[in-house]
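This report concerns only the one structure given below.
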Amino acid sequence: MPPKDDDLADRFRKALEDQEVEIQSTPSAPKVDVDEARAALFERLQAFARQVDPIEAHLSDASLVLTSAGRGVRFRASDEGVIVTYEGWPVAETHVAWPERALDGRWVLEFHRLGRVEQLPLFERGLEELIVHGLGLPRPAPSERPISARTAAALTGRLPDSSAPTQRPPASTAKAPDAPEEAPKRGKRDL
């Protein structure tokens, strides 16, 4: 009679084989050239700075700094993307941004603030946070354009549930006709 753990070993081997087949059959997102993506990011950030009067962009070999009123947001090259830090400000927060393969190379910012970490699409939400917190500019009115479901799914790692109601239904104060009557509450005297 074979030992009982042979069945468990067989099941694990089967699960690993199934996983390998699934990985090989899943199309992978195209590889992103980080240096090329970073150069395009720096160009786009410079164009943004030209559109917002108090912001200036200063480019060096490995970094770009957006400045305003003695403060700065530095985008420094790293192996995977850029490291973002504040200058001229007593806040020692460090953020990371990278071109996300699952989003066809769109930039994602991992934003750290007061112990909270969020992944934000850089140009839809992340840059606003960096400008407000790093440069001290006033927060603009909310964007009219929502983040796409595909972007939200890539950032959270799960697909949105389209069957879920968008609003919570109002709580009903009336009892359902089949609901049992509540037992009377007892106090110390009733025991």
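Read-outs: derived from the displayed coordinates by stated rules, not from any lab. As the structure is a prediction and not an experimental result, all values here were calculated from the model. Counting neighbours? That spans all protein chains shown, and the Cβs are built from the backbone with ideal geometry, glycine included.
Annotations
- Sequentially through the stretch 104-121, phi angles give Karplus couplings (6.51, -1.76, 1.60; θ = phi - 60°) of 6, x, 5, 7, 10, 10, 8, 9, 10, 8, 6, x, 9, 10, 10, 9, 10, x Hz, Gly and Pro residues having no value and appearing as x.
- The Rg/Rh ratio for the stretch 34-138, using Cα coordinates for both the radius of gyration and the Kirkwood hydrodynamic radius, is 0.93.
- Taking amide hydrogens as placed 1.01 Å from N in the peptide plane, the amide H of E93 sits under 5 Å from those of Y86, each at least 5 positions away in sequence or on another chain.
- Rg to Rh quotient for the stretch 82-149, alpha carbon positions, Kirkwood Rh: 0.97
- Neighbour counts of C-beta atoms inside 10 Å place I23, I55 in the sequence I23, I55, starting with the fewest.
- Distance between modelled label sites at A15 and A102, nm, 7 Å Cα→Cβ extension: 2.2 nm
- Among S63, S143, S25, a tally of other beta-carbon atoms within 10 Å of each Cβ gives an order, fewest to most, of S25, S143, S63.
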